[in-house]
Amino acid sequence: MRIGLVEDDLSIRQKFARTIGQTDQFELWFESGSVQGALEWMAGCSAADWPEIWLVDLGLPDGSGLTVIREALATHARTHVLVISIFADDDAIIGALHAGAMGFIQKGDGDEALLEHLGNAMEGGAPISPRIAARLLASFKQSVPHGQGAAGYPDDRTEQHPPAADLTSRERAVLDCLSQGYAYEEGAELLQMSLNTFRHHIRGIYGKLGVHSRIDALDEARKRRWLHRS
């Protein structure tokens, strides 16, 4: 998949380029350090050459990354946009998600986490760094009246785990591979299935657990005691 990167810090752009270059799943197709540079490139880009995934910083020297996000999605609605940032306040996070961003990544998450986030986006997930997710949850809780859940239910009801369908034997095997740290290609080879089939099972696992990333899936599976190993 082609990656468009909009980040004003050259050292971070170079770091991301090296990380993306480690895998044959992604290619850094375009990079810019400004809103204007991104918009100009978008204006001249054909649909066939459009990046499937955009990584966009919010704090750019000539404006807000929200402008880039909105333009990218207005041009191609199926574009996957992930926000990258060292730090952003709650309003910026919410604003980015409202603009259409499907995930939020902190720059210090590391190379492996970046590739995992990109992989989740490629599969239609909504990757959000744990620290960002925690802040979103805290912000949500502050907006809910004390003693009530999101729909006005008492707290003891909202704290319970919703029922979920059990995993198939193949999904359990895939989940076990993920828990042991295998990459998708390694897990598929170990279980003697195609990479596409392995990803299909992952999407099924995510759906049954109600999550959008490997980290959240493993955390939720441990709570439900669905793993062979803790």
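The values are calculated or read from the model by the stated rules, or taken from the named source; none is laboratory data. The structure displayed is predicted, hence computed values, not measured ones. Every residue, glycine among them, receives a Cβ derived from its backbone with ideal geometry; neighbour counts consider all protein chains shown. The protein model used for the area step is the full one, side chains on, heavy atoms only, and it has no ligands, DNA or RNA in it. Shrake-Rupley method; radii C 1.70, N 1.55, O 1.52, S 1.80 Å.
The set of residues in the stretch 208-230 being open to solvent by less than 60 Å² (accessible area, probe 1.4 Å), part of a helix (DSSP H, G or I) and farther than 15 Å from residue 169 by Cα consists of 209, 214, 217, 218, 220. Of the residues making up the stretch 1-28, those that are surrounded by fewer than 19 Cβ atoms within 10 Å (Cβ to Cβ) and in contact with a Pro (Cβ under 6 Å, 6 or more places away or on another chain) are 2, 8.
Residues in the stretch 167-192 that are in contact (Cβ under 8 Å) with a residue 12 or more places away in the chain, in contact with a Lys or Arg (Cβ under 9 Å, 6 or more places away or on another chain) and open to solvent by less than 80 Å² (accessible area, probe 1.4 Å): 167, 171, 176, 178, 179, 184, 191.
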